[in-house]
Amino acid sequence: MSSEIQAVGLDIGTSHIRCVIGEPSSDGVMNIVGVGEAESKGLRRGVVTSTEAVAESIRKAVSEAERVSGLNVDYATVNLSGEHLRGENKNGVVAVAGPEKEITDDDIERAIDSASAMPLTPGWETVSRLPQEFIVDGQDGITEPIGMNGARLEALVHVVTSPSAARQNLEKAVAKAHIDVERLILEPLAAAESVLTDDDKEYGCAVVNMGSEITSLMIFGRGAVQHTAVFPFGSMLFTKDIATGLRVSIPEANKIKHHFGCVAKFLLTPDELEGVIEIVPFGRNETRDLSMEILCDIMQPRAVELMQHVARETSAAKAQISGGVFLTGGGATVRGLAEIAEQVFDAPTRVGFVDASYVGGLSEEVHGPQWATACGLALISMREQMRRGGSGGRSSAQRVAEWFGNIRGRFR
Ligand SMILES: Nc1ncnc2c1ncn2[C@@H]1O[C@H](COP(=O)(O)OP(=O)(O)O)[C@@H](O)[C@H]1O
Ligand SMILES: [Mg+2]
């Protein structure tokens, strides 16, 4: 089906760049028509260090998606990540302006402005303002205040800040690849879009996106973002541990991790416990036998340590995550991580696969948790374009809901 809406998600990660092209199908599902992936160069811990190298990697991933789909990509919704992103909950109060004391768009803008007006470290900027809820004359939990009556409007907003240079250099790299940035979206927010249901966000849950060098955490509750944190570690640590512990090269360690890695010994079958794998020690040609149990002994303590670090942050945030923990990113493909995380978080935990009801077409290709961000970016773009495209002639209640949806997801 050809469509006027072209939704392109471009996930710029430290180890991989992924591109997903989607089109809406009649039932609102995103038909995936193009996918592309390339190894990424020129980033460190999610931050661009060489715009030239990143642009080249972007071109490779995008060209592949273009070839698969037969389409041209001119613009994309892109993820923003980086170890320095910081989230804070703020509130702002305004007096409702109109003579009838009926809340308007403008009142809401002012309330959000007032909540997010805060002194910033020089060189830093606000990159996202995510409304959580509104309080009208003391009545809390309001999500759609437009048209309501009241004198005092309070906005609770989750504000995320980041060094300006990180965003600017990311935009430069994308521009060098001849692509317009349609919108920048925080990485875990994008991953959440393709993995979580509205119910998950309502009941309270956590998305833990583990990449190669950074891990981001976003906690949802009452339908909105409640907490954001980024940790300067990722799945690369397992690779380094394996390289050091087994005296193998980094590429060999990566191979071992991908093919045989397991971070939960209790998952190993009796055959695996007795079995051995062949590895090539650093600088040698001949192989050596390694037991799976030893590999597990190397990886498991690290997995526990990393998950404990993330879990401490969720406890400190005093957030309800009874709805579960969803692990996304390439790091989530390590066998046993969900099981270990479940024990550490003491909450239901699973690998965050892209929700099958959100995508069609080439969905098999993007099913894995490492595709959650790219798919989420494309989904956000598609949903946004559909909202904008067909807003004429709808009821005002619908428009209010849509506007709020926009505001909730809006990146600034
Ligand atoms: N099959 C796999 N088994 C174990 N680890 C994997 C697998 N596939 C990818 N990874 C790891 O996931 C990390 C990359 O995840 P990704 O989400 O692509 O990262 P980034 O966002 O940093 O580009 C790497 O450290 C890689 O080794
Ligand atoms: Mg990533």
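The values are calculated or read from the model by the stated rules, or taken from the named source; none is laboratory data. Everything numeric in this text was worked out from a predicted model, so none of it was measured. Because the Cβ atoms are built from the backbone with ideal geometry, glycine has one as well, and the counts that use them run over all protein chains shown.
The criterion of being in the same structural domain as T244 (by TED's automatic domain parsing), loosely packed, with under 12 Cβ neighbours inside 10 Å and either closer than 17 Å to A243 by Cβ or touching a residue at least 12 places away in the same chain (Cβ under 8 Å) (or both) holds for T287. Given the conditions (1) in a helix (DSSP H, G or I); (2) surrounded by 15 or more Cβ atoms within 10 Å (Cβ to Cβ); (3) among the hydroxyl-bearing types (S, T, Y), which single one is not true for T228? Of (1) in a helix (DSSP H, G or I); (2) surrounded by 15 or more Cβ atoms within 10 Å (Cβ to Cβ); (3) among the hydroxyl-bearing types (S, T, Y), only one is false for T228: (1).
Take the residues of the stretch 1-35 that are β-branched (V, I, T) and under 12 Å from V366 (Cα atoms): which is surrounded by the fewest Cβ atoms within 10 Å (Cβ to Cβ)? Ranking the candidates gives V33 first.
Where strands (runs of 3 or more DSSP E) fall entirely within the stretch 125-191, those with at least 3 residues that are under 30 Å from A65 (Cβ atoms) are at 152-163, 180-186. In this structure, does A95 turn out to be surrounded by fewer than 17 Cβ atoms within 10 Å (Cβ to Cβ), among the small types (G, A, S) and under 15 Å from V136 (Cβ atoms)? So A95 fits the description; yes.
Let's see how each residue does on (1) on the phi < 0 side of the Ramachandran plot; (2) not acidic (D, E); (3) not assigned by TED's automatic domain parsing to the domain that holds V93:
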{"residue": "I112", "(1), (2), (3)": "yes, yes, no"}
{"residue": "M118", "(1), (2), (3)": "yes, yes, no"}
{"residue": "V127", "(1), (2), (3)": "yes, yes, no"}
{"residue": "E133", "(1), (2), (3)": "yes, no, no"}
{"residue": "G141", "(1), (2), (3)": "no, yes, no"}
{"residue": "E144", "(1), (2), (3)": "yes, no, no"}
{"residue": "M148", "(1), (2), (3)": "yes, yes, no"}
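Going through T14, T77 one at a time, which residue ends up being closer than 21 Å to A166 by Cα, part of a loop (DSSP other than H, G, I, E, B) and touching an Asp or Glu at 6+ places or on another chain (Cβ under 6 Å)? Going through T14, T77 in turn, the sole match is T14.
For I277, the conditions (1) aliphatic (A, V, I, L, M); (2) surrounded by 21 or more Cβ atoms within 10 Å (Cβ to Cβ); (3) part of a strand (DSSP E or B); (4) more than 16 Å from ligand 2 (Cβ to nearest atom) are fulfilled apart from (2).
The set of residues from the stretch 335-381 being outside any helix (DSSP H, G or I) and within 16 Å of ligand 1 (Cβ to nearest atom) comprises R335, G336, V351, G352, F353, V354, H367, G368.
Residues are listed down the side, and each one gets a yes or a no for (1) at pLDDT 95 or above; (2) assigned to a helix (DSSP H, G or I); (3) closer than 19 Å to G330 by Cα; (4) under 28 Å from the mean Cα position of the chain (by Cα):
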residue: V248; (1), (2), (3), (4): yes, no, no, no
residue: A253; (1), (2), (3), (4): yes, yes, yes, yes
residue: H259; (1), (2), (3), (4): yes, yes, yes, yes
residue: L273; (1), (2), (3), (4): no, yes, no, no
residue: R284; (1), (2), (3), (4): no, no, no, no
residue: M299; (1), (2), (3), (4): yes, yes, yes, yes
residue: L306; (1), (2), (3), (4): yes, yes, yes, yes
residue: A311; (1), (2), (3), (4): yes, yes, no, yes
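As a summary of the residue check, L156 satisfies the conditions (1) modelled with pLDDT of 95 or more; (2) surrounded by fewer than 18 Cβ atoms within 10 Å (Cβ to Cβ) except for the one numbered (2).
Residues in the stretch 325-334 that are within 15 Å of ligand 2 (Cβ to nearest atom) and either among the small types (G, A, S) or part of a strand (DSSP E or B) (or both): F326, L327, T328, G329, G330, G331, A332. Within the stretch 90-108, being closer than 16 Å to R152 by Cβ and outside any loop (DSSP other than H, G, I, E, B) holds for N91, G92, V93, V94, A95, E102, D106, D107, I108. Close contacts from the stretch 238-257, counting a first residue that is on the phi > 0 side of the Ramachandran plot and a second that is more than 10 Å from ligand 1 (Cβ to nearest atom), with Cβ to Cβ under 6 Å and a gap of 6+ residues or different chains, come to R247/P281; R247/F282.
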